[in-house]
1. Ranked from the most accessible area to the least, with a 1.4 Å probe and all protein chains present, what is the order of L254, L195?
2. Any idea of V304's accessible area? Nearest 10 Å², probe 1.4 Å.
3. Give or take rounding to whole Å, what are the principal axis extents of the alpha carbon atoms in the range 209-319, in descending order?
4. Keeping all protein chains in place and using 1.4 angstrom, which order do M118, M54 fall into by accessible surface area, from largest down?
5. At a probe size of 1.4 Å, how large is the accessible area of E39, to the nearest 10 Å²?
6. Please report, in whole Å³, the volume per residue of the convex hull around the C-alpha atoms of the range 176-255.
7. Applying the Karplus parametrisation 6.51 cos²θ - 1.76 cosθ + 1.60 with θ = phi - 60° to the phi angles of the range 301-315, what ³J(HN,Hα) value in whole Hz is obtained for each residue in order, glycine and proline being reported as x?
8. Taking a probe of 1.4 Å, how large is the accessible area per residue of the range 123-219, in Å²?
Amino acid sequence: RGAVRAAAAEAEEAAAAEEADRILAEKVAAERAKAKAAEKGKIEERASESDLRMEAAIAHANAMAERRSHKSSEESAGNGAPPAAAPSEAPAAAPTPPESSDVIVDVDLATPGAAKFMDTLSDVGSRVGGLGSDDVSDGMYELSRRCGSTMKSSLIAFKEHALDIAIAATSDPPPDQQQVGAVRRAYNKAEVAKLGQLPMALLFAIFTLFCTVAFAVIHFPKKYAPALLHKAKAKAIEYKVYDGAKAAASRLKLASTSAYHSASEAAAPHLAKGMEKAAELYEKTSSTIASSPVASAALEKGLVATSQVRARIAAELLKLKDPPRSGDQLA
């Protein structure tokens, strides 16, 4: 009876597991169908937006072409261009093809793969922007834990395989491999995938260290900095640090003010004498220039040259501001 009951229980468990697998498969299929439908809708929406942008660009280009042609006809009419000669009087010339009014606009459209990539980047950026410091620190801790676990498993796999290679190289060969050397047996036993677990373990160790440092930098300052700051403020108030700093600042301000006043009083006579000397030198220079005809003529020539240069610069600036039209250049 016990065996029958155990078999029945195992059958029920197997049926329940199959039913759970079936429900999970249905859910996965529904999610995939929903994702495919959403992706298809996004692609259709981007295609319609690109078509609208292309139509708007073509309409804008046509409008600009019509505006330029209308402006050129107005300019030719305003310049008084002579009417075209009659066909009988015109010299024989090769026929020119009529100008087309259509404007070709090159519009670079993104491929569906590039559009999907950019949409994924924007979604990732929006999700990352919503993370807080606690979320980042917890995530870094979890990443460090997972990387550490992967590093340990990689080291264990490499150690076991290295032990197998060492045993194969040092043990007695089987009867059918008496002619095979130890190095050859170790080479035959080695597997690249398992030997590569050592550098992978090193890489995961680096990732673990990075994630741990990031967690420590974010978590511990946020956790202990407010308490330490509160204690520091309490100690500062207890030992009257703020009052001492205020007293020192007031003493420094008073000392600097007195030093400034004393320096100003000491330098005032020298400054007055310097101003008097400068005024006397200016008067002497002015009288010398006024009494000397050579200096007066040179000064007058310098003023004339300066005025000419200024006038030329003004004319060039006016040319840059209002460039001449094609009709004026022909005239």
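1. Numbers: L254 120, L195 70 Å².
Accessible-area ranking of L254, L195, largest first: L254, L195.
2. It works out to around 70 Å².
3. 84, 54, 25
4. Numbers: M118 110, M54 65 Å².
The residues order as M118, M54, largest area first.
5. 70
6. On the way: hull volume 16.3 nm³, N = 80.
Spelled out: Cα convex hull of the range 176-255, divided by residues, is 204 Å³.
7. Calculated HN-Hα couplings, in order: 5, x, 5, 5, 5, 5, 5, 5, 4, 4, 5, 5, 4, 4, 5 Hz.
8. Numbers: 6890 Å² over 97 residues.
Ligands and nucleic acids excluded, the result is 71 Å² per residue.
The values are calculated or read from the model by the stated rules, or taken from the named source; none is laboratory data. Predicted, not measured: the structure shown is a model, and the values here were computed from it. Heads up: the accessible areas ignore ligands, DNA and RNA and are worked out on the full protein's heavy atoms, side chains in. Shrake-Rupley method; radii C 1.70, N 1.55, O 1.52, S 1.80 Å.
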